[in-house]
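The values are calculated or read from the model by the stated rules, or taken from the named source; none is laboratory data. Quick caveat, the model's predicted, so the values are computed rather than measured. As a convention, Cβ positions derive from the backbone with ideal geometry for all residues, glycine included, and neighbour counts pool all protein chains shown. These accessible areas exclude ligands, DNA and RNA; they are computed on the full protein's heavy atoms, side chains included. Shrake-Rupley method; radii C 1.70, N 1.55, O 1.52, S 1.80 Å.
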Amino acid sequence: MKGELKDTWVLFDLDGTLTQSEEGIWNCARYAAEKMNLPAPDEATLRKFIGPPLEYSFRTYMGLTEEQAEEAKRFYRERYTTVGMYENRVYPGVRVMMRTLWKAGAKLGIVTGKPAYPTGKILEYFGLDKFLSAVVCATDGHAEKEHLIRKALPEDAGETWMVGDRCFDMEGGVKAGVHTLGVTYGYGGEEELRDSGAERIARTPREIIGILCPEAKPERGAFLTVEGPDGSGKGTQIERLADALDRWGYEVVRSREPGGTPIGEKIRAILLDRENTAMADETEALLYAASRAQHVREKIRPAVAEGKVVLCDRFLDSSVAYQGGGRELGIDKVLAINAPAVDGTLPDITVYLDIDHRKAMARRCAASEPDRLEMEAESFHARVEDGYHELIARDPGRFVAVNAEGTREEISEEIREKVLGRLMEMEQ
Ligand code: TYD
């Protein structure tokens, strides 16, 4: 659908339309109250802070005098410009929506009542700036949407849509003579949006694609895997990475191998059963591959094609390391067994938690009873570790190898930065 939306402009409001900003706004209002020795505002009061100018909110909702409101605003800003503006999240599905419209040729812009400094920083932080042809913020007290919309558009702009979650966005759009699309997942309801002139309503960011470009297929998502020896701390790190991806507006589908589908989970039970001591190495490798074949077709491919990010605990690399290395079937034999299973579907990014297998096993055994594979001798796990290192050497571009012997925080920070950096590059 390339070029389908050429000459079309789509202008977005920021808070409540692309980003969900209450966490930062509330924390900063609480901080200002604390600094001024005032009682902490309750949730109902805090809710009202999203939208109107700050000074107005402090005076009206917290009963401050003009002078006090000025002071409260200074404290608020002090925290907001350093911490608060990043206590923010992109609504799930916003990234794929913006990317799909952008790839279809639309010019995207932001019109926001926020000042320029936090707006620019927030857009850059979340890597949304690359999709934008215009960013218009409140300047010199001019925050009316009509004015901002007119300022964002070039003279020759074709069909234009204003997308927002509040009556101010819809009214501004109507006054500026552009089409209006209201979103109900933000801070305004459907009634408010319709009453203020919304021509169309979207309940999710994805529905915006359907309204503005019904023929467009969503842009491809991504396939991420996390690998490492038993006891490398994958579980915690996957949890944290999923949270970060969610905050950045990716729609995350979590999965695991062996398993990930009802059929795959049945195969998993056979594989990990401690009683199955008679299992031949080849049987084991084929069962992992069988579980994977189902997983690729039933879950991974459809989700990635819909623009989602699949985050999977183990995949093909585990077979290469455990059956190829650990069981000594050899890398090439295991890759050959898996070729029809994966059928070309390989991870875009693989996080490898790098830890000495002895340290990892000590951690693992302290946590719970070992399963059939974990019960293997130390030499088995040493070969698994070597197998992983061989894979990284063969395909360094795909791996994000992280030293997994640091603190949980250090590890998750490094993974988050590296994975988000790569994903955002893939969106270009
Ligand atoms: P699991 O309980 O998921 O372990 P972990 O939390 O360490 O991932 O069990 C999966 C076990 O299966 C693990 O020991 C690694 C092994 N495995 C293989 O041997 N080959 C494979 O292809 C996969 C996916 C896993």
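Do you know which residues across segment 283-305 are more than 14 Å from Ile263 (Cα to Cα), in contact with a helix residue (DSSP H, G or I) (Cβ under 8 Å, 6 or more places away or on another chain) and open to solvent by 40 Å² or more (accessible area, probe 1.4 Å)? Steps first, please.
To start, the set of residues in segment 283-305 that are more than 14 Å from Ile263 (Cα to Cα) comprises 283-286, 300-305.
Okay, now just the ones that are also in contact with a helix residue (DSSP H, G or I) (Cβ under 8 Å, 6 or more places away or on another chain), so 284-286.
Hit for segment 283-305 is Leu286, nothing else.
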Is it the case that segment 106-121 has a residue that's assigned to a loop (DSSP other than H, G, I, E, B), under 24 Å from the mean Cα position of the chain (by Cα), surrounded by 24 or more Cβ atoms within 10 Å (Cβ to Cβ) and small (Gly, Ala, Ser)?
yes
Any residue at all in segment 166-173 that is open to solvent by 50 Å² or more (accessible area, probe 1.4 Å) and modelled with pLDDT of 95 or more?
yes
Test result for Thr19, modelled with pLDDT of 95 or more and among the polar types (S, T, N, Q):
yes
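Here are Arg268, Arg240, Arg220, Arg247: which of them is within 15 Å of the ligand (Cβ to nearest atom) and among the basic types (Lys, Arg)?
Step by step, each of Arg268, Arg240, Arg220, Arg247 is checked, and only Arg268 is within 15 Å of the ligand (Cβ to nearest atom) and among the basic types (Lys, Arg).
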How many residues are in a loop (DSSP other than H, G, I, E, B), open to solvent by 60 Å² or more (accessible area, probe 1.4 Å) and either more than 10 Å from the ligand (Cβ to nearest atom) or in contact (Cβ under 8 Å) with a residue 60 or more places away in the chain (or both) when one looks only at segment 342-376?
5
Close pairs (7 angstrom Cβ cut-off, 6 or more residues apart or separate chains): closer than 18 Å to Glu219 by Cα in segment 408-428, not in a helix (DSSP H, G or I) anywhere:
Leu420/Trp248; Arg422/Ile349; Leu423/Ala222; Met424/Gly127; Met426/Ala222; Met426/Asp348
Residues located in segment 271-328, provided they are within 14 Å of the ligand (Cβ to nearest atom) and in contact with a strand residue (DSSP E or B) (Cβ under 9 Å, 6 or more places away or on another chain):
His295, Ile300, Leu311, Cys312, Asp313, Arg314, Phe315, Leu316, Asp317, Ser318, Ala321
Return the only residue of Phe399, Phe380 being buried (at least 16 other Cβ atoms within 10 Å of the Cβ) and under 12 Å from Pro229 (Cβ atoms).
Phe380
Report, ordered by the first and then the second residue, all pairs with beta carbons closer than 6 Å, sequence separation of six or more or different chains, a first member in segment 254-269 that is on the phi > 0 side of the Ramachandran plot, and a second member that is open to solvent by less than 90 Å² (accessible area, probe 1.4 Å) and more than 10 Å from the ligand (Cβ to nearest atom).
Gly259/Glu265; Gly260/Lys299
Would you mind stating whether Ala393 is part of a helix (DSSP H, G or I), exposed (fewer than 14 other Cβ atoms within 10 Å of the Cβ) and under 31 Å from the mean Cα position of the chain (by Cα)?
yes
Identify the single condition in (1) more than 26 Å from the chain's Cα centre (by Cα); (2) open to solvent by less than 10 Å² (accessible area, probe 1.4 Å) that Glu265 does not satisfy, given that it satisfies every other one.
(2)
Name the one entry in Tyr187, Tyr250 that is among the hydroxyl-bearing types (Ser, Thr, Tyr) and under 20 Å from the mean Cα position of the chain (by Cα).
Tyr250
Criterion violated by Phe12 - all others in (1) surrounded by 15 or more Cβ atoms within 10 Å (Cβ to Cβ); (2) free of Cβ contacts under 8 Å to residues at least 40 places away in the same chain; (3) under 28 Å from Ser133 (Cα atoms) satisfied
(2)
Among the numbered criteria (1) more than 22 Å from Gln428 (Cα to Cα); (2) part of a helix (DSSP H, G or I); (3) open to solvent by less than 10 Å² (accessible area, probe 1.4 Å), which one does Glu207 miss?
(3)
Would you say Gly172 is away from the ligand (no atom under 16 Å from the Cβ) and either assigned by TED's automatic domain parsing to the domain that holds Lys308 or assigned to a helix (DSSP H, G or I) (or both)?
yes
Would you tally the residues in segment 270-282 being open to solvent by 60 Å² or more (accessible area, probe 1.4 Å) and among the small types (Gly, Ala, Ser)?
1
I'd like the full set of residues that are open to solvent by less than 20 Å² (accessible area, probe 1.4 Å) and not hydroxyl-bearing (Ser, Thr, Tyr), limited to segment 240-260.
Leu241, Ala242, Ala244, Leu245, Trp248, Gly249, Glu257, Pro258, Gly259, Gly260
